[in-house]
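The structure under discussion appears below in the form of structure tokens.
Just so it is clear, none of the values below were taken in a lab; they were calculated from the coordinates. Just so you know, these numbers come straight off a predicted model, no measurement behind them. Every residue, glycine as well, gets a Cβ built from its backbone with ideal geometry; the counts of neighbours run over all protein chains shown.
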Amino acid sequence: MGAFLCLKETSAIMIKLFVDFNNADPHGRIRLNTKGTLEYIINAKIVLRNNMKVTLDDSDGLRILGSIEYSMEEKIWVAKINWNEFEEYF
């Protein structure tokens with residue numbers, strides 16, 4: 001499912017993805033496979049690639065920087081984060 005999203009990055013602007021921080025894989029990476037996240041990526045025409053830097057946001061006051069990776073195990077895109085660096089905003 002994620003293969004069609006892997007093209008090339010077209011902008012140097014930091015992309016914001018809306019995610020569910022409870023949807024982490026066993027390695028602590030945030031899965032980017034929820035319906036809302038996938039719809040946002042597709043509708044915004046965001047192109048994911050390995051090592052791409054993004055801002056992850058849960059729309060509830062938490063955000064963090066992440067790095068995109070393709071999970072060969074699960075065959076989906078994920079975002080690697082440092083769980084100790086969350087930023088709260090309101």
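Expressed in nm to one decimal, what extension gain is obtained for the pair residue 23 and residue 75 from 0.36 nm per residue of sequence separation less their Cα-Cα distance?
Full extension of this stretch gives 17.2 nm more.
Determine the equivalent ellipsoid of the chain by diagonalising the alpha-carbon gyration tensor, then write out the semi-axes as square roots of 5 times the eigenvalues, largest first, rounded to whole Å.
Values: eigenvalues 70, 46, 30 Å².
Equivalent-ellipsoid dimensions as semi-axes: 19, 15, 12 Å.
For residue 16, list the lysines whose Cα falls under 19 Å from its own Cα; do not include residues on the same chain fewer than 8 positions away.
List returned: 8, 35, 45, 53, 80.
How far apart, in nm, are two points set 7 Å out from the Cα along the Cα-to-Cβ line at residue 83 and at residue 51?
Computed distance between label sites residue 83 and residue 51 equals 2.6 nm.
Near the amide H of residue 17, under 5 Å away, which other amide H atoms are found, from residues 5 or more places off or on another chain, if H is placed in the peptide plane?
Amide H neighbours of residue 17, under 5 Å, 5+ apart: 55, 56, 57.
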